[in-house]
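See below for the structure under consideration.
Bear in mind these aren't lab numbers, they're just calculated from the coordinates by the rules spelled out. Quick caveat: nothing in here was measured; it's all calculated off a predicted structure. Note that each Cβ is placed from the backbone with ideal geometry, even for glycine, and that neighbours are counted across all protein chains shown.
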Amino acid sequence: MRAALYVRVSTEDQANEGFSLDAQVKRLEAYCRVRGWEVAGVYRDEGFSGRNTDRPEYKRMLADSDSWDTILVLKMDRIHRNSVNFALMMDDLRAKGKEFTSMQDKFDTTTAMGRFVMDIMQRIAQLESEQIGERVKIGMEYKARNGTGNLGSGHPYGYVYQNGRLEVVKDEAHTVRAIYNMYMRGSTMDDIADFLNKAEIPAKKGGAWNKQSVGNILHNPLYVGYQDWNGIFRKGDQEAIVAVDLYESINGPLPVGRS
């Protein structure tokens, strides 16, 4: 049996111990050794939600279907958090004579019971995801009413929350502008992270820079004076660090006032 190993982490998963991409790959490789399966390929999606299929490595894996016999994941929610998308994928796999195996859930599609239970588990995963989304929305609405916006946990890099509003941290603001300028000159997010780490410039909370932390800065409208209220961009009361035209040259036009 040739296995395509698929691993994924989204933003909310980054801090969850045991869900790093490397940790997932190691466990799946060990599973293959026990089963006597061949690892046909490893597909890693970092920073992508499981609620949709717009993931580069997921698409590449499906395009490579001639090279593997089964998709192997650590948990079902690594591949999909939407039962409709999961069902469509399974239809496609069955049409191609391919299988699906979830290591931690201990289910595979080679048995009728496995197919039935897997469908039930996927619907539970979707319900859990939707409930999390509802709780997040309620929290964002509370923040909107109280003037704090969608700031995530604590304060974002470049700002400090004091006196009831976000205040610019000058040294960090300089780093934010440097990140935008380096990216516009052609540096990748990995290049920028390496540069900042070698320059011994600490990231948020004194940690190291990585692709994800650099990307969070490049794609956050907070730095041009706006706040994201569940997809609706509104002018905040914080001082902008980056010019709007620079932000839009990377991310496209801000959907200001969208409701």
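Full extension from residue 245 to residue 174: what is 0.36 nm times the residue separation minus their Cα-Cα distance, to one decimal in nm?
Values: separation 71, 0.36 × 71 = 25.56 nm, distance 1.76 nm.
Extra length available between residue 245 and residue 174 comes to 23.8 nm.
What nm value, rounded to one decimal, do you get for the distance between residue 51 and residue 38 when each label is placed 7 Å out toward the C-beta?
Rounded to a tenth, the inter-label distance reads 4.0 nm.
Please compute the Kirkwood hydrodynamic radius over segment 147-251, one decimal place, Å, based on all pairs of different Cα atoms. Can you show the working numbers first?
Working: mean 1/r = 0.0714 Å⁻¹.
Computed over Cα pairs of segment 147-251, the Kirkwood hydrodynamic radius comes out at 14.0 Å.
Quick one: which of 38-46, 162-170 comes out on top by average Cβ neighbours within 10 Å, and what's the full order, highest first? Don't skip to the end; give the middle numbers.
On the way: 38-46: 17.3, 162-170: 12.6.
Descending packing order for the listed peptides: 38-46, 162-170.
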